[in-house]
Amino acid sequence: MPMSLTLIHTERFAEHQTPPGHPERPERAEVMDVVAARWKSRGVEVIPPSAATREQLLRVHDGDYLRRISETTGRAVKLDPDTYTSPESHEIALLAAGAAVQAVDHALSGPQHSALALVRPPGHHAERDRAMGFCLFNGVAVAAAHARANGAAKVAIVDYDVHHGNGTQHIFEDDPHVLYVSTHQFPYYPGTGAAGEVGRGAGAGFTVNLPLEVGAVDEDYQTAFAAVILPVLAQFKPDLVIVSAGFDAHERDPLAGMRLSTAAFAAMTAELRGVAERQCQGRMAVVTEGGYDLQALAASLDAVAETLNGLPPPARWPRSGVASDRGRTAVEAATRALSPYWRF
Ligand SMILES: [Zn+2]
């Protein structure tokens, strides 16, 4: 069936300012403006975000942490070695988390509803009580907890940002109702995301890490999806799929060392749309994370929006032609750690 796509975006995301030369620069929001305007001209609904509420944030963040971030209002503060605020950042971070919540609300409002939230700052490094790695509030975690509180029994989060989403993993690591799946460069910032990190307590098996050595190509990600991610999602049977969509594994990205093409981001998104169509009537919310090359970001966002809009496209994986066993190595480590919990 055709899917209806909604974008959630505001030009105000550019108001979160970082120091000169910082990769999480406001120009990323301007790229998102252009993408949103292009899709609007094609008839796709673009809606402005509203701020996440205290109740929504408290599901995954400490009250004391919310107070500390609110106290940065009107000030430029260095929160950690990579993470800064400008006077508007608190308000903008509330809008970014709110956009992720709205994406989930839209996805849950009817079958074949998908939403793409074009936000900054990103969120997946933000811990319950700590800003980290350019992230203030963990928007995807807030959105997943919101979905759980509003009738979704099981939520799958798939994070293809090049960095491991330490915050998202930690927030849900003992929760069997929220599956967290991540592909990431490893070893690399933030240091977490080894294959042996599988969750704890009742959540054991519901954290799925695919650590990939630097230099991974399209075929490595295809291997990880085919051998681990798709089988686990088929067995988990989510009621909603949320994607932490970072584009910093792109071959053009200046931060990391992966070699994904733009077409691979379309293929990963198409695979996940296929999961949503088979498991949960197409309910899918995609929220941006990193992605620091502006040209790669624009092209990848367009490719993802194209994949979410209209009739389901087949997952067409591109061929890099580069011989690499990074995918197979990650799959072997992940299946070894996860075979007590899932059939491969
Ligand atoms: Zn990243």
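Observations, loosely collected:
- Test: residue in segment 183-190 that is modelled with pLDDT of 95 or more, under 24 Å from Ser114 (Cα atoms) and open to solvent by less than 40 Å² (accessible area, probe 1.4 Å): yes
- Selection within segment 281-334 - within 16 Å of the ligand (Cβ to nearest atom), touching a residue at least 60 places away in the same chain (Cβ under 8 Å) and at negative phi: Val286, Val287, Thr288, Glu289, Gly290, Tyr292, Leu294, Leu297, Leu301, Val304
- Candidates Ala131, Ala144, Ala107, Ala115, filtered to the one that is of a type outside the set (S, T, N, Q) and either within 16 Å of the ligand (Cβ to nearest atom) or open to solvent by 10 Å² or more (accessible area, probe 1.4 Å) (or both): Ala131
- Given (1) within 16 Å of the ligand (Cβ to nearest atom); (2) open to solvent by less than 10 Å² (accessible area, probe 1.4 Å), index of the condition Glu251 fails: (2)
- Of the residues Val31, Val60, Val46, the single one that is closer than 18 Å to Ala299 by Cβ, in contact with a helix residue (DSSP H, G or I) (Cβ under 7 Å, 6 or more places away or on another chain), at pLDDT 95 or above and open to solvent by less than 70 Å² (accessible area, probe 1.4 Å) is Val31.
- Out of Leu301, Leu272, sole residue that is under 17 Å from Arg28 (Cβ atoms) and in a helix (DSSP H, G or I): Leu301
- Within segment 6-30, the residues that satisfy the criterion of being in a helix (DSSP H, G or I) and more than 23 Å from Met284 (Cα to Cα) are Glu11, Arg12, Ala14, Glu15, Glu27, Arg28, Glu30.
- Boolean, Glu213 is within 16 Å of the ligand (Cβ to nearest atom), open to solvent by 10 Å² or more (accessible area, probe 1.4 Å) and either among the small types (Gly, Ala, Ser) or over 30 Å from Ala149 (Cα atoms) (or both): no
- Taken over segment 153-182, the residue count meeting the criterion of being away from the ligand (no atom under 16 Å from the Cβ) and open to solvent by less than 10 Å² (accessible area, probe 1.4 Å) is 4.
- Residue that is nearest to the chain's Cα centre (by Cα) [pool: residues in segment 274-303 that are crowded, with 24+ Cβ neighbours inside 10 Å and among the charged types (D, E, K, R)]: Glu289
- Pair list, Cβ under 6 Å, 6 or more apart: segment 249-265 residue under 21 Å from His22 (Cβ atoms), other residue within 11 Å of the ligand (Cβ to nearest atom) and among the charged types (D, E, K, R): Leu255/Asp248; Ala256/Asp248
The values are calculated or read from the model by the stated rules, or taken from the named source; none is laboratory data. From a predicted model like this one, the values you see are computed outputs, not experimental measurements. As a convention, Cβ positions derive from the backbone with ideal geometry for all residues, glycine included, and neighbour counts pool all protein chains shown. What goes into the accessible areas is simple: the full protein's heavy atoms, side chains included, and nothing from ligands, DNA or RNA. Shrake-Rupley method; radii C 1.70, N 1.55, O 1.52, S 1.80 Å.
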